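> To start, I am sharing the structure in question, which I have written as structure tokens.
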Amino acid sequence: MSAPALIGVAAFRGAYTARHVQLGEAPEVLVPQLRRIWTDTFDRDTDAMAAALLARPWLQLAVNPKPRRWDQHPPVPGVGYPTLTGHDTLWRGSLRENVDGPVEWLYLLHLNHRRLVVYEATVHGHWLRHSAHHLDPAEDLFVTAPALDDGGSEMTVCTVCGAVDQIDHVEVPSLAGYGNDTITSCNRCGSLIATSPIVGDHLVRKPWPPPEPTTDGASDSAG
């Protein structure tokens with residue numbers, strides 16, 4: 001179901017710049033759309049995509065928007081339907097601040113990492129980190145896969161070694177004074193992704209299969 005959202009670019013220490021999307025969507029709908037916009041419209045140029053998203057407020061984002069007779073403004077090819085009604089100013093905020101207004105989702109691009117981090121508005125009136133996604137889905141370290149049997153729960157899979165449901169997640173209040181520091185790691189191969197409101201995301205992909213232990217020939221001969 002559509003819900004008001006913000007989409008923009010993350011900045012230093014939790015600050016962000018964003019535009020309003022009147023008919024936003026939940027991550028399971030909007031994240032695939034944004035990946036398509038990134039690849040099909042902007043040829044994986046994250047800076048160009050961010051500039052286009054911040055250029056105007058939006059009624060709705062769409063990969064292939066078609067002209068509609070009731071729209072007051074023509075669609076932006078490959079991006080969506082703009083609007084100048086109501087929320088026509090650039091939204092500058094901070095993750096530390098309370099959520100202001102009827103907004104349910106916040107989507108922030110991290111330009112240097114080509115990542116999209118999603119926050120949800122809580123009943124307590126502040127942003128809570130919901131999920132993080134590489135714009136290139138092949139770069140996701142952990143993915144959710146369907147259950148093996150009907151009615152079963154979904155599985156979390158490590159894309160490095162293929163481990164299923166062997167993932168640890170640790171979340172603690174950040175020393176930054178807002179948000180949380182998190183570490184999600186695979187118990188099988190040791191690959192991990194750590195996040196912090198200050199330094200962003202740090203991803204470590206361990207080699208798999210693990211390299212064979214090497215013997216020190218010089219030491220053996222000396223002995």
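The values are calculated or read from the model by the stated rules, or taken from the named source; none is laboratory data. Keep in mind the model is a prediction, meaning the values are calculated, not measured. Here Cβ is always computed from backbone atoms with ideal geometry, including for glycine, and neighbour counts include all displayed protein chains. What goes into the accessible areas is simple: the full protein's heavy atoms, side chains included, and nothing from ligands, DNA or RNA. Shrake-Rupley method; radii C 1.70, N 1.55, O 1.52, S 1.80 Å.
> List the residues, sorted by chain then number, that are 5 or more residues from residue 130 or on another chain and whose placed amide H is less than 5 Å from its amide H.
For residue 130, whose amide H was placed from the backbone, the distant partners under 5 Å are 118, 119, 120.
> Here's something else I'd like to know. In whole Hz and in residue order, list the ³J(HN,Hα) couplings for segment 6-22 that follow from phi through the Karplus curve 6.51 cos²θ - 1.76 cosθ + 1.60, θ = phi - 60°; x for Gly and Pro.
Once rounded to whole Hz, the list reads 10, 9, x, 10, 6, 10, 6, 6, x, 6, 7, 10, 8, 10, 7, 10, 4.
> For segment 57-104, what D do you get in µm² per second when you plug the Kirkwood radius from alpha-carbon pairs into Stokes-Einstein at 20 °C and 1.002 mPa s? Mind showing how you got there, number by number?
On the way: Rh = 12.5 Å.
After rounding, the answer is 171 µm²/s.
> How large is the charge dipole for segment 43-121, taken about the Cα centre, if only the Cβ atoms of Lys, Arg (+1) and Asp, Glu (-1) carry charge, to the nearest 20 debye?
Once rounded to the nearest 20, the dipole reads 220 debye.
> Using Cα-Cα distances under 8 Å and only pairs 6 or more residues apart, what relative contact order does segment 1-135 have, in percent? Walk me through the intermediate numbers first.
Details: 283 pairs, mean separation 36.0, N = 135.
Answer for segment 1-135 is 27 percent.
> Might you tell me the accessible area per residue for the chain, computed with a 1.4 Å probe and given in Å²? Mind showing how you got there, number by number?
Values: 12620 Å² over 223 residues.
Accessible area per residue: 57 Å².
> On to the next question. Which of these, 25, 104, 212, has the largest mean-square fluctuation under a Gaussian network model of the chain (Cα springs below 10 Å)?
So, out of 25, 104, 212, the one fluctuating most is 212.
> State the volume of the convex hull built on the alpha-carbon positions of the chain, expressed per residue in Å³ and rounded to an integer.
181
> Something else about it: Can you tell which of 60, 42, 24 lies farthest toward the positive end of the dipole of segment 1-138, using +1 and -1 charges on the Cβ of basic and acidic side chains (Lys, Arg; Asp, Glu)?
Of the candidates, 42 comes out farthest on the positive side.
> What fraction, in whole percent, of alpha-carbon pairs in segment 114-198 exceed 23 Å separation?
31
> Report the rotationally averaged projected area of segment 1-107 based on its alpha-carbon convex hull, in square nanometres.
On the way: hull surface 27.1 nm².
Answer in nm², one decimal: 6.8.
> Something else about it: Carbon and sulfur atoms: what percent of the 1.4 Å accessible area of the chain do they account for? Walk me through the numbers before you get to the answer.
Working: 6670 of 12620 Å².
Carbon plus sulfur share of accessible area: 53 percent.
> Which one of 180, 112, 98 has the biggest mean-square fluctuation once the chain is modelled by GNM with Cα springs under 10 Å?
Top of the fluctuation ranking is 112.
> Using unit Cβ charges (K, R positive; D, E negative) and no other charged atoms, how large, in debye to the nearest 20, is the dipole of the chain about its Cα centre? Spell out each step's value before the answer.
Values: 17 positive and 26 negative charges, 194 e Å.
The dipole magnitude comes to about 940 debye.
> Additional query: Rounded to the nearest 5, what % of the DSSP beta bridges within the chain are antiparallel ones? Let's see the in-between values first.
Numbers: 50 of 56 bridges.
Bridges in the chain are about 90 percent antiparallel.
> Here's a follow-up. Based solely on its DSSP helices, what 222 nm [θ] is calculated for the chain when runs of n ≥ 4 H residues each add -39,500 (n - 2.57) and the sum is averaged over all residues, nearest 500 deg cm²/dmol? Numbers along the way, then the final one.
Numbers: 3 runs with 25 residues, N = 223.
Counting only the DSSP helices, I get -3000 deg cm²/dmol.
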